[in-house]
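The structure under discussion appears below in the form of structure tokens.
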């Protein structure tokens with residue numbers, strides 16, 4: 001039986017990863033600052049939730065012994081340069097040192113598609129630096145780079161579906177930005193495939209040392225994705241593309257509003273570069289995964305509850321039992 005430490009196991013992708021590892025019969029440890037944050041996974045019998053601050057290097061080092069591998073899913077979408085550095089660069093550095101100190105070598109790190117040190121986005125630059133830190137360490141490392149992720153509980157298609165239920169028109173910055181959206185279940189399956197691949201016979205290609213681009217089967221613009229969210233949700237509204245200058249002003253106003261912004265100026269900067277697979281790395285097919293289309297999954301969890309959606313939900317629910 002494998003023992004897996006999942007950093008970020010309480011998040012959107014983390015919950016799906018924990019469910020898949022649990023079904024394999026593996027034991028999973030999920031650290032979180034507050035146990036209440038782990039309500040979505042703590043009901044799983046083979047999941048152990050521990051209250052810990054993974055940004056505290058001493059606490060992180062105490063979590064590692066007894067585990068066969070670490071999955072790092074910790075990330076933020078919005079923040080200042082220091083905030084991105086703390087989460088996307090300093091945490092991987094601390095993880096690398098903790099692995100060296102405890103002898104835990106196997107790490108699966110979930111990064112992002114389109115990362116680069118010369119990216120116009122702070123988010124993408126910090127993700128690139130985090131990858132570099134882990135590659136420089138003496139680890140059995142696999143990196144996964146997903147495009148924008150959709151699925152039950154996402155803050156992407158769900159958000160646009162809710163907004164269209166309220167507003168008569170969708171003023172949209174970055175409407176022409178191109179994505180290759182990937183289903184959260186396919187990303188979780190990729191994590192599992194990488195962990196299963198560890199320690200296989202020599203004739204089996206290893207995922208150690210490789211980077212995989214986790215992208216769906218279709219390229220869609222942000223405007224097209226908003227239309228789909230409205231169509232599968234309660235109401236489809238007209239999309240009104242905004243000039244970039246107006247979009248930046250809109251994003252600034254959102255940043256100044258209380259709570260997590262719907263969109264930031266850094267998000268807009270990231271969307272100035274296509275978020276699609278480069279083809280320079282292996283894709284999901286190399287892991288035996290046939291990625292799902294948005295139209296095959298989104299109707300099951302957005303506002304449109306037709307007969308087909310209800311049937312798909314029932315099938316998915318049965319598969320989780």
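Each reported figure results from applying straightforward, stated rules to the coordinates on display, with no laboratory input. These numbers come from a predicted model, not from an experiment. All Cβ positions, glycine included, derive from the backbone under ideal geometry; neighbour counts span all protein chains shown.
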query = Most fluctuating residue of 169, 13, 110 in a GNM of the chain with Cα springs under 10 Å: which is it?
reply = 169
remark   = Here, residue 286 and residue 165, labelled 7 Å along Cα→Cβ, have an inter-label distance in nm of 4.1 nm
task = Compare 109, 43, 227 in a GNM of the chain, Cα atoms joined below 10 Å, and give the one with the largest fluctuation.
result = 43
request  = Please build a GNM for the chain, connecting alpha carbons under 10 Å apart, and tell me which residue among 115, 297, 148 fluctuates the most.
outcome  = 297
query = Expressed in nm to one decimal, what extension gain is obtained for the pair residue 117 and residue 245 from 0.36 nm per residue of sequence separation less their Cα-Cα distance?
reply = 43.6 nm
Residue 58-residue 136 FRET efficiency (beta carbon distance; Förster radius 30 Å; 0.05 resolution) = 0.85
request  = In square nanometres and to one decimal, what's the mean projected area of the convex hull around the Cα atoms of the stretch 201-287?
outcome  = 9.2 nm²
Cα-based equivalent ellipsoid, the stretch 151-275: semi-axes from gyration tensor eigenvalues, Å = 34, 17, 13
ask   = Given N residues in the stretch 1-86, what is Rg(Cα) / (2.2 N^0.38 Å)?
value = 1.07
task = Extending each Cα 7 Å along its Cβ direction at residue 48 and residue 252, get the distance between those two points in nm, one decimal.
result = 5.1 nm
task = Determine the equivalent ellipsoid of the stretch 13-139 by diagonalising the alpha-carbon gyration tensor, then write out the semi-axes as square roots of 5 times the eigenvalues, largest first, rounded to whole Å.
result = 25, 17, 14
query = Could you give the Stokes-Einstein D for the stretch 124-187 in µm² per second, using the C-alpha Kirkwood radius, 37 °C, 0.692 mPa s?
reply = 221 µm²/s
message = Report D for the stretch 250-300 in µm² per second (integer): Stokes-Einstein, Kirkwood Rh on Cα pairs, 25 °C, 0.890 mPa s.
response = 171 µm²/s
key: Cα-based helix-to-principal-axis angle, 244-256 vs the chain, degrees rounded to 10   = 60 degrees
request  = Pop a pseudo-label 7 angstrom from the Cα along the beta-carbon direction at both residue 36 and residue 101 and give the gap in nm to one decimal.
outcome  = 3.1 nm
query = Which distance in Å, rounded to a whole number, links the C-alpha centroids of the stretch 210-267 and the stretch 62-141?
reply = 26 Å
request  = Provide the convex hull volume over Cα atoms per residue for the chain, in Å³.
outcome  = 137 Å³
